[in-house]
Amino acid sequence: MKPTKKEDGVSIYNLKKSLTDSQCEALANKKLSRNNIQFIIDHDADVYGEDGNLLLKFRKNVLPPSHVSQFYDNVINFAKLKTSNRGSASGSKTKNVANNPKIMSNIFGYFDRLSPKQKYVFTKKNKRLPLEVRECRFNVDFPAEYKNAIPLIEDIDRFYKKYTPSYYENQLQKAKQTHFKIPNTVFTTVTTNVNYQTTVHKDKGDDKDGFGNLVVIEHGEYSGGETCFPQYGIGVDVRTNDVLFMDVHQWHANLPIILKTDDAVRLSIVCYLRTNIWEKTKNKSKKFYIKHTNTMKKFRTAVTK
């Protein structure tokens, strides 16, 4: 696949769809194979769809290695915990979360729902349910590790502003309206995935006026895992220190991950603003944030006793 042109070492592509919308919908909730993809991007690139809108921007070796390593060392043990919270992106066909496949996918920052156990304890204590926005377990249980993870998230925020400024500005206006966010960023939440091949899906729950992002940290040796846009027949080989900004409301998925060593890890990181958090907390005061956060921490202590 030849670029339309090159600018300052960046390949510019203008692509037409190779699959119709109905053909992509037929792929939803299914895993891709390499046969679905015609071209893998492994170099600095900007890609535009046939409507002229930006599909992705990919930059290699721009993240500070020290922050990448620091993030990995502080987050990896938590990221390896198995959960069932990914729904259709894990290939699940059920609405019952408990029946979803167990995968190494976790979140930290803030979330917009209480767990069934949390709701039960409030009800048992005859307490009114608070606003359903809470700090995630990682922040609360591992505050030092959470603090050490933030520099890389700030780097992603910085490059988000640099490479997709109009989308960043849209998200910034919402982030300014809530205290429930990761410090010094426009993100409320971070999702981590370990050795996880997502099925074909479109992201839900994030800011539709913003833009998605993906960072990968490698450990050991593996191949595959490229992030793909099947409707355009392309994939991007995101590796350590790279950053990918992408339209996550287009159909996307990963290719199979082949682990070549026993210690092989593909840790992917996605930072975003959850729309429900913004809608529930916009224009709430700092005083409200502090009071609500303290209430949830006291409540959590009661749950774990």
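The values are calculated or read from the model by the stated rules, or taken from the named source; none is laboratory data. Quick caveat, the model's predicted, so the values are computed rather than measured. Here the Cβ positions follow ideal geometry from the backbone for every residue, glycine too, while neighbour counts run over all protein chains shown.
At-a-glance table
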read-out	value
Subset of the stretch 252-279 that is farther than 20 Å from I182 by Cα and not hydrophobic (A, V, I, L, M, F, W, C) - its residue that is surrounded by the most Cβ atoms within 10 Å (Cβ to Cβ)	H252
Unmet requirement for N61, which otherwise passes all of (1) loosely packed, with under 12 Cβ neighbours inside 10 Å; (2) on the phi < 0 side of the Ramachandran plot	(2)
Residues of the stretch 245-274 classified as among the β-branched types (V, I, T) and touching a helix residue (DSSP H, G or I) at 6+ places or on another chain (Cβ under 8 Å), total	2
Within the stretch 159-195, considering residues that are in a helix (DSSP H, G or I) and free of Cβ contacts under 8 Å to residues at least 12 places away in the same chain, the one farthest from G224 (Cα to Cα)	Q173
One residue from P116, P130 being over 15 Å from K181 (Cα atoms) and loosely packed, with under 12 Cβ neighbours inside 10 Å	P116
Those strands (runs of 3 or more DSSP E) lying entirely in the stretch 1-81 with at least 2 residues within 17 Å of V238 (Cβ to Cβ) and under 25 Å from the mean Cα position of the chain (by Cα)	10-14, 39-41, 45-48, 54-59
Neighbours by Cβ (under 7 Å, 6+ apart or cross-chain): first from the stretch 106-117, on the phi < 0 side of the Ramachandran plot; second small (G, A, S) and modelled with pLDDT of 90 or more	N106/A79
Those residues of the stretch 165-218 which are in contact with a Cys (Cβ under 8 Å, 6 or more places away or on another chain) and not β-branched (V, I, T), in sequence order	F187, N213
So D51, is it closer than 30 Å to A175 by Cβ, among the charged types (D, E, K, R), loosely packed, with under 12 Cβ neighbours inside 10 Å and at pLDDT below 95	yes
Residue satisfying condition, being polar (S, T, N, Q) and out of contact with any Gly (no Cβ under 9 Å at 6 or more places or on another chain), within set T275, T281, T199, T261	T281
